[in-house]
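See structure below.
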Amino acid sequence: MGGVDLVVVGRALVGGSLVEAAVAVENGRIVGVTSPALAPPAEEVVELGAKRLLLPGMVDLHVHMREPGLEHKEDWRTGSMAAARGGVTCVFDMPNNRPPTNTCERVREKISRARSKSLVDFGVYAGYNPQPAELERCSSEFFGFKLYPDDLYSSGAEEVFRLAAKLRKPVLVHAEDPSRFRPSPLHSEARPPEAELSAARRAVELAALTGAWLHLTHVSTAAVLREASAARVALDITLDATPHHALLNESLYRGPLASIARVNPPLRGEEDREAVYESLRKGVVDAVVTDHAPHQLEEKLSQDPPPGFPGLELALHLLLREVLEGRMPLSVLELYSSRPAALAGLRKGRIAPGFDADLVVVEMREWVVKGSELVSKAKYTPFEGVKLRTATAATYVRGLLVYHEGVFAEKAVGMLVSGGG
Ligand code: DOR
Ligand code: ZN
């Protein structure tokens, strides 16, 4: 007896490289990172062995857990299981619930449901409210504001930016200008790249006008990456991109996965896809997000399939495949851990003393993605059949084991992480 609560010994991602280390955990925090020979005594010692690695828990700034209101698609239990199985220990949940999460009462209702069901830590966004001042009294309870395409063109959009500037919170913008949509059987033509550029320009104008922190989420075109990179020299602008926009292209809309792969913004042509891929490779964007957007399979196979698909279980392992096959640097993992954590003002996303003991044990093991085997309620994926090289063996949230070899903890240990801004 005595010593720290837990020590994990093995190859760990510390300060940007994989090193042999002993990671000591006490009261949910990392209290020491030493060479294995200097490991302190511990109640429990986990030896990783040759085929396992220790990574920081991933942080996803853009997910849809769907509860309250859309629990037939996902709920905080199943969505957080998907996160834990994907090595994601902290998620930020979007407000397009039924009803939308755009009042203090609804923000609090969501938080209380997440507290009682989530296996991973969480933050929430406030949705568009034409009188956003209503949200000021609970501003410490949500991380930022989210504006959808129609919200950005509503009369209250500027007011949201002004309030965000005052509260020093981000405005996350889904940039697509609905006036640029056109009828086309091909989803990527119906919502063309120009629509994203047009809306991104409007969002940048509002940021310039108000001084607010603008975060453009799921950027999917070369043009927006270029213009936003130029604009951020003078303005407070951050960006994220998804694995699907980096790895898949619009050719899926011409094949059997067309309905499944329907997502907004759409998968793009090869040039835009490559630009997104490069933005991850070079760390031009600030974060990787999944936009985990589960729907029922029956909905996806209907005449008018809703946009979105699950992503939390695969994102880390898709990135690791790029790294292990030599196409991306190891530093791409920072975009899904330390950098989003830093944006949210959290001591998470790094294996370092003083940080939360959010840890993921990754095993070197080949497996083939099958949508039917996902733990999300949404049992399909546009990555069907892709061969991965790693799997999550165990996931710890603040030192608590929430996932281990296919088994999930019963207890909801997830906590609200941040109202910071
Ligand atoms: O693909 C998408 N799915 N894009 C959105 O903007 C919404 C999301 C959803 O909630 O399903
Ligand atoms: Zn989304």
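Report yes if Val219 is closer than 25 Å to Tyr277 by Cα, within 16 Å of ligand 1 (Cβ to nearest atom) and under 24 Å from the mean Cα position of the chain (by Cα), otherwise no. When the stated conditions are applied, Val219 passes them.
To keep it simple, each residue is scored yes or no on (1) buried (at least 19 other Cβ atoms within 10 Å of the Cβ); (2) within 14 Å of Leu318 (Cα to Cα).
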position	(1), (2)
Gly349	yes, no
Ala352	no, no
Glu373	no, no
Val386	no, yes
Thr395	yes, no
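Condition first: part of a loop (DSSP other than H, G, I, E, B) and either closer than 24 Å to Leu319 by Cα or within 13 Å of ligand 1 (Cβ to nearest atom) (or both). Now tell me which residues in the stretch 84-104 satisfy that. First the steps, then the outcome.
Here is the first cut: in the stretch 84-104, the residues part of a loop (DSSP other than H, G, I, E, B) are 86-87, 94-103.
If the condition is that a residue be part of a loop (DSSP other than H, G, I, E, B) and either closer than 24 Å to Leu319 by Cα or within 13 Å of ligand 1 (Cβ to nearest atom) (or both), then Gly86, Gly87, Met94, Pro95, Asn96, Asn97, Arg98, Pro100, Thr101 are the ones that fit.
When Gln303 is tested against the conditions (1) without any contact (Cβ under 8 Å) to a residue 12 or more places away in the chain; (2) farther than 22 Å from Ala190 by Cα; (3) more than 16 Å from ligand 1 (Cβ to nearest atom), the lone failure is (2). Taking the numbered list (1) in a loop (DSSP other than H, G, I, E, B); (2) buried (at least 23 other Cβ atoms within 10 Å of the Cβ) in turn, Asp304 passes all entries but (2).
Based on what the data block shows, is Tyr253 touching a residue at least 60 places away in the same chain (Cβ under 8 Å), in a helix (DSSP H, G or I) and aromatic (Phe, Trp, Tyr)? In short, yes. Scanning the stretch 260-278 for residues that are farther than 21 Å from Asp177 by Cβ and not charged (D, E, K, R) gives Ile260, Ala261, Tyr277.
Residues checked against (1) open to solvent by 20 Å² or more (accessible area, probe 1.4 Å); (2) within 20 Å of Lys411 (Cβ to Cβ); (3) modelled with pLDDT under 95:
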site	(1), (2), (3)
Pro40	yes, no, no
Glu67	no, yes, no
Gly79	no, yes, no
Gly87	no, yes, no
Asn97	no, no, no
Thr103	yes, no, no
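Condition check for Met81 on (1) assigned to a loop (DSSP other than H, G, I, E, B); (2) closer than 22 Å to Val362 by Cβ; (3) among the hydrophobic types (A, V, I, L, M, F, W, C); (4) in contact with a strand residue (DSSP E or B) (Cβ under 6 Å, 6 or more places away or on another chain): one failure, at (1). Output yes when any residue across the stretch 321-331 is buried (at least 16 other Cβ atoms within 10 Å of the Cβ) and closer than 30 Å to Leu70 by Cβ, and no when none is. No, the stretch 321-331 has no match at all. If you filter the stretch 45-63 down to residues that are open to solvent by 10 Å² or more (accessible area, probe 1.4 Å) and not acidic (Asp, Glu), you find that the one that is nearest to ligand 1 (Cβ to nearest atom) is Leu53. For Gly354, are the conditions met, namely being more than 27 Å from Phe145 (Cα to Cα), small (Gly, Ala, Ser) and without any contact (Cβ under 8 Å) to a residue 24 or more places away in the chain? Considered against the rule, which asks whether it is more than 27 Å from Phe145 (Cα to Cα), small (Gly, Ala, Ser) and without any contact (Cβ under 8 Å) to a residue 24 or more places away in the chain, Gly354 comes out as no.
Selection of the stretch 275-298 for residues being touching a residue at least 12 places away in the same chain (Cβ under 8 Å) and outside any loop (DSSP other than H, G, I, E, B) yields Ala275, Val276, Tyr277, Ser279, Leu280, Arg281, Ala287, Val288, His292, Leu297.
Per-residue answers, yes or no, for (1) of a type in the set (Val, Ile, Thr); (2) within 16 Å of ligand 2 (Cβ to nearest atom):
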position	(1), (2)
Gly57	no, no
Leu61	no, yes
Pro68	no, no
Glu71	no, no
Asp75	no, no
Ser80	no, no
Thr89	yes, no
Phe92	no, yes
Pro95	no, yes
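Looking at the stretch 307-316, which of the residues that are assigned to a loop (DSSP other than H, G, I, E, B) and away from ligand 2 (no atom under 14 Å from the Cβ) is surrounded by the most Cβ atoms within 10 Å (Cβ to Cβ)? The qualifying residue surrounded by the most Cβ atoms within 10 Å (Cβ to Cβ) is Glu313. When the residues of the stretch 273-298 are filtered to those that are away from ligand 2 (no atom under 16 Å from the Cβ) and more than 23 Å from Ser331 (Cβ to Cβ), the one that is most open to solvent (accessible area, probe 1.4 Å) is Glu298. Kindly establish whether Glu26 is more than 26 Å from Leu333 (Cα to Cα) and modelled with pLDDT of 95 or more. It is false that Glu26 is more than 26 Å from Leu333 (Cα to Cα) and modelled with pLDDT of 95 or more.
The values are calculated or read from the model by the stated rules, or taken from the named source; none is laboratory data. Being a predicted model, the structure only gives us computed values, none of them experimental. When we count neighbours, we look across all protein chains shown, and the Cβ atoms used for this are built from the backbone with ideal geometry, even at glycine. Ligands, DNA and RNA are stripped out before the accessible areas are found, and what is left, the full protein with its side chains, is counted by its heavy atoms. Shrake-Rupley method; radii C 1.70, N 1.55, O 1.52, S 1.80 Å.
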